[in-house]
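Here's the structure, in structure tokens; my notes come after.
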């Protein structure tokens, strides 16, 4: 279990990179929520692995990578970890305005577990930052090129489903509490078994369900239903080591 009452992120992560990153444009959360609604966005999304998602459920919060690491808990490595540390966003919480798996019709490389939250969760924080470009493309860009600079800028240029444009909670102390806003947890079904013949979906859904019971969240795990054009199962079959790491509930 993660202790959300320990030292705040502002005390444990005072790096120069984080201080520079916090010069990012912090936009009024209610105005951001309104812009999203105007584009038809009523939910926000966060995808992760089963191991890391169990920590989220136990805490009833989306947790930053930095917070999980700081609390000494295991989490599945992500390809973007080094970049997040370099750019001072390691302790920030990220969300998307669209279900990337459904929109792209393929797996989400961040993980098979999708947290779906009412967009009003953004109001839990005084401000929200929104990336203009994905941090993976930030090298050589100034702050104005990395972030939306104002809510007017966001209103004029936000595009629902643009994977570059991510919602970043920078004042949440690394934990965005979602008990009152979580509407569903959706789990991919790769239709794979491990080396001992155990079904990966069953293992993952069982671990998530156990965490839900401990946290007393009023929902169940939903199996993702893909359309016939989705390539997620092909990707899972072609990348078995990655698939196992994302579905198994422990390292």
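Would you check if there is a residue in the range 66-76 being touching a helix residue (DSSP H, G or I) at 6+ places or on another chain (Cβ under 7 Å) and closer than 30 Å to residue 229 by Cβ? Yes: one or more hits.
If you go through the range 191-203, how many residues are within 22 Å of the chain's Cα centre (by Cα) and within 18 Å of residue 235 (Cα to Cα)? Residues meeting the conditions: 2. Please verify whether residue 129 is in contact with a strand residue (DSSP E or B) (Cβ under 6 Å, 6 or more places away or on another chain) and more than 28 Å from residue 234 (Cα to Cα), treating the condition exactly as stated. So residue 129 passes the test. Of the helices (runs of 4 or more DSSP H) lying entirely inside the range 42-139, the ones with 1 or more residues being at pLDDT below 95 and more than 13 Å from the chain's Cα centre (by Cα) are found at 65-70, 81-86. Evaluation of residue 24 against the conditions (1) outside any helix (DSSP H, G or I); (2) at pLDDT 95 or above shows that the sole unmet condition is (2).
Assess whether residue 133 counts as being at positive phi and either surrounded by fewer than 22 Cβ atoms within 10 Å (Cβ to Cβ) or free of Cβ contacts under 8 Å to residues at least 60 places away in the same chain (or both). The answer is no for residue 133. Residues that are within 23 Å of residue 68 (Cβ to Cβ), surrounded by 17 or more Cβ atoms within 10 Å (Cβ to Cβ) and in contact with a helix residue (DSSP H, G or I) (Cβ under 6 Å, 6 or more places away or on another chain) are absent from the range 232-241 altogether. For residue 28, the stated conditions do not hold, so it cannot be described as under 27 Å from residue 217 (Cβ atoms), surrounded by fewer than 23 Cβ atoms within 10 Å (Cβ to Cβ) and in contact (Cβ under 8 Å) with a residue 24 or more places away in the chain.
Table: residues versus (1) under 24 Å from residue 28 (Cβ atoms); (2) surrounded by fewer than 16 Cβ atoms within 10 Å (Cβ to Cβ); (3) without any contact (Cβ under 8 Å) to a residue 60 or more places away in the chain.
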| position | (1), (2), (3) |
| --- | --- |
| 144 | yes, yes, yes |
| 169 | yes, no, no |
| 179 | yes, yes, no |
| 185 | no, no, no |
| 204 | no, no, no |
| 207 | no, no, no |
| 218 | no, yes, yes |
| 248 | no, no, no |
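The values are calculated or read from the model by the stated rules, or taken from the named source; none is laboratory data. Bear in mind that the values here come from a model prediction, so they are computed numbers and not experimental data. So basically every Cβ, Gly included, is an ideal-geometry build from the backbone, and we count neighbours across all protein chains shown.
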